[in-house]
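Enquirer: I have a structure I would like to understand better, so I am pasting it below and will then ask my questions one at a time.
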Amino acid sequence: MRFASTRRGCEPVSLSVALRQGLAGDGGLYVPESWPRLTPRAPAEDLPALAREVLQVFVTGDALEGLLADVAREAFNFPAPLVSLDAAHGLFALELFHGPTAAFKDFGARFLAAALARLGAGQGAGPRSGESAGQSAGDSAAARPLHILVATSGDTGGAVAAAFHHRPGVRVAVLFPEGLVSPTQQQQLTCWDDNVSSLAVRGRFDDCQRLVKEAFADAHLRARAQLSSANSINLGRLLPQTVYYWAASLALQRSLGRPASFVIPSGNLGNATACVWARRLGAPISSIVLAHNANRTVPDYLQDGVLRPRPSVATLSSAMDVGDPSNLERVTALYPDATALRDAVSAVSVDDAATRARIRADYMRYGRVWCPHSAVAAEAYTRLADTAASGPWVIVATAHPAKFREIVEPLIGRPLDMPANLARLFERRSSYVTIDATLAALEGAL
Ligand SMILES: *Cc1c(COP(=O)(O)O)cnc(C)c1O
């Protein structure tokens, strides 16, 4: 299998080249060239075995083929439980927050890190070079270290830092906006050492993102290091996310005999794209609902067919504060016009007041404590028509509520227990460097 750019401006590449490059040479995003129908037989709860089966087709003929079993075992070493919320209505929660930083991003970040480490991170194609795997083997860039740059507004940086920490041959720089992340988030972004550096940027999230883009475009920096991205533009984060959609939908198909529908808390649409891809590859999935907060670019696009990216607005579900979702380009590559897209997915926008009310209501009703992101999906679910007839329905729970205890505890009126994985991060010492929002300052720090 090869992967083509959504913009069709460069040659398709193999998976390992796509992982190293992050972004395609023409500025587009890599997507599979074809969509075989898969019929995996592994038990739904055996994520490493399922991952081997459903990802095999993407690595055939690539340097990753012989490494897939090890990468899958390492990336999927924590569960994704499907928990019944309301058996009579066929309502479930898919808990994706049992990894090292208690958010779904751990799956993709760990897969990407495990794959790059085994590929020999310091070798091969530089970013945007557009060359094929064969050409890259003798690349003179072999000696350049791999630098992963991540701009984060909260969750991504922690997951990527945790996944790459202590990996030889890879350095990670996490850029976050100084003073604009929660205390809990800041600890997760800054509790690393060794090959991970945390940079507090004097500016906003948009400045962090701009700096990363400027670094990618800077010839001087790229001569010294291979730069890659671990944001969800990287295919290495998206493909492994299809695995938990396979697992949940196969479990429900096998036990209830019906395809499942998913409501997904969405920002950059990385998680939702994985669900759309799993369905395209044959997973027994019926409806897919994109649950957005007040950043309503996608719901508006589905409604009136005009795409209007805009600056993001701050909400309680901060990891979904995206005004110009990058992975929409991958979804529209499959469903090019708004009519086709409307048949494939639907979208709902939920404001902060309704999110707060949903956290209270579902705690009273089910004893379930949502994080603010998962609560957006839980609220979106209540606004759908005919859910009783069309089930089973799965609300995707993207983070552990204790990550957002400052918001959640006052709403439910009790303290939350820290899960052991998060507690471990809080035992670590925090350290970071503060820099101005300029490329010169970033270069100095790197
Ligand atoms: C990143 C994140 C999201 C949004 O995921 P996308 O793939 O960007 O749509 C939702 N919830 C949580 C907790 C996140 O960290």
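Enquirer: Please state, as a whole number in µm²/s, the translational diffusion coefficient that the Stokes-Einstein equation yields for the stretch 360-422 at 37 °C and 0.692 mPa s, with Rh defined as the Kirkwood radius across alpha carbon pairs.
Expert: Details: Rh = 12.7 Å.
Translational D for this selection: 258 µm²/s.
Enquirer: Another question about this same structure. To the nearest 20 debye, what charge dipole does the chain have about its Cα centre, counting +1 at the Cβ of each Lys and Arg and -1 at the Cβ of each Asp and Glu?
Expert: It works out to roughly 320 debye.
Enquirer: Okay, next question. For the stretch 230-319, with the dipole built from +1 on Lys and Arg beta-carbon atoms and -1 on Asp and Glu ones, taken about the Cα centre, which of 230, 286, 306 lies farthest toward the positive end?
Expert: 286
Enquirer: Would you work out which of 43, 248, 31 lies farthest towards the positive end of the dipole of the chain? Charges go on Cβ: Lys and Arg +1, Asp and Glu -1.
Expert: 43
Enquirer: Now a separate question. With label points built 7 Å along Cα→Cβ from the Cα atoms of residue 337 and residue 65, find their separation and express it in nm.
Expert: Label-label distance for residue 337 and residue 65, simple model: 4.1 nm.
Enquirer: Another question, then. Please check the chain for the longest run free of GluC sites (Glu not before Pro) that are loop-located per DSSP (anything but H, G, I, E, B) and have at most 15 other Cβ atoms within 10 Å.
Expert: Here the longest segment lacking exposed loop sites spans 46-426.
Enquirer: Continuing with this model, one more query. Under the rule of -39500 (n - 2.57) per DSSP H run of 4 or more residues, summed and divided by the residues of the chain, what mean residue ellipticity at 222 nm is obtained, to the nearest 500 deg cm²/dmol?
Expert: Roughly -12500 deg cm²/dmol at 222 nm, from the helical runs in the chain.
Enquirer: Calculated FRET efficiency, residue 409 and residue 255, Cβ-Cβ r, R0 41 Å, to nearest 0.05?
Expert: It comes to 0.75.
Enquirer: Next question, about the same structure. Quote the charge dipole size of the stretch 378-433 about the Cα centre in Debye, to the nearest 20; the model charges only the Cβ of Lys and Arg (+1) and of Asp and Glu (-1).
Expert: 300 debye
Enquirer: Next up: Rounded to the nearest 0.05, what FRET efficiency do residue 383 and residue 214 give with R0 = 45 Å and r taken as the Cβ-Cβ distance? Could you check?
Expert: Efficiency for this residue pair is about 0.65.
Enquirer: Still on this structure: So if I place +1 on the C-beta of Lys and Arg and -1 on the C-beta of Asp and Glu, and nothing else carries charge, what would the dipole magnitude of the stretch 175-332 be about its Cα centre? I want it in debye, nearest 20.
Expert: 540 debye
Enquirer: Sticking with this structure for a sec: So what is log10(I(q)/I(0)) for the chain at q = 0.07, 0.12 1/Å, when the Debye sum runs over its Cα atoms only?
Expert: Log10 I(q)/I(0), no solvent term: -0.31, -0.99.
Enquirer: Another question, if that's okay. Could you tell me the largest-minus-smallest coordinate of the C-alpha atoms of the stretch 309-446 on each of the three principal axes, in descending order and whole angstroms?
Expert: 57, 45, 25
Enquirer: Report, please, the projected area of the stretch 254-388 averaged over directions, based on the convex hull of its C-alpha atoms, in nm².
Expert: Computed as one quarter of the Cα hull surface, the answer is 8.6 nm².
Enquirer: For the stretch 1-124, what is Rg from Cα atoms divided by 2.2 N^0.38 Å, rounded to two decimals? Intermediate results must be reported in sequence, preceding the final value.
Expert: Working: Rg = 16.5 Å, N = 124, 2.2 N^0.38 = 13.7 Å.
With N residues counted in the stretch 1-124, Rg over 2.2 N^0.38 Å equals 1.20.
Laboratory data are not the source of any read-out in this text; all were calculated from the coordinates shown. On a predicted model such as this, the values are computed, not experimentally measured, just so you know. Because the Cβ atoms are built from the backbone with ideal geometry, glycine has one as well, and the counts that use them run over all protein chains shown.
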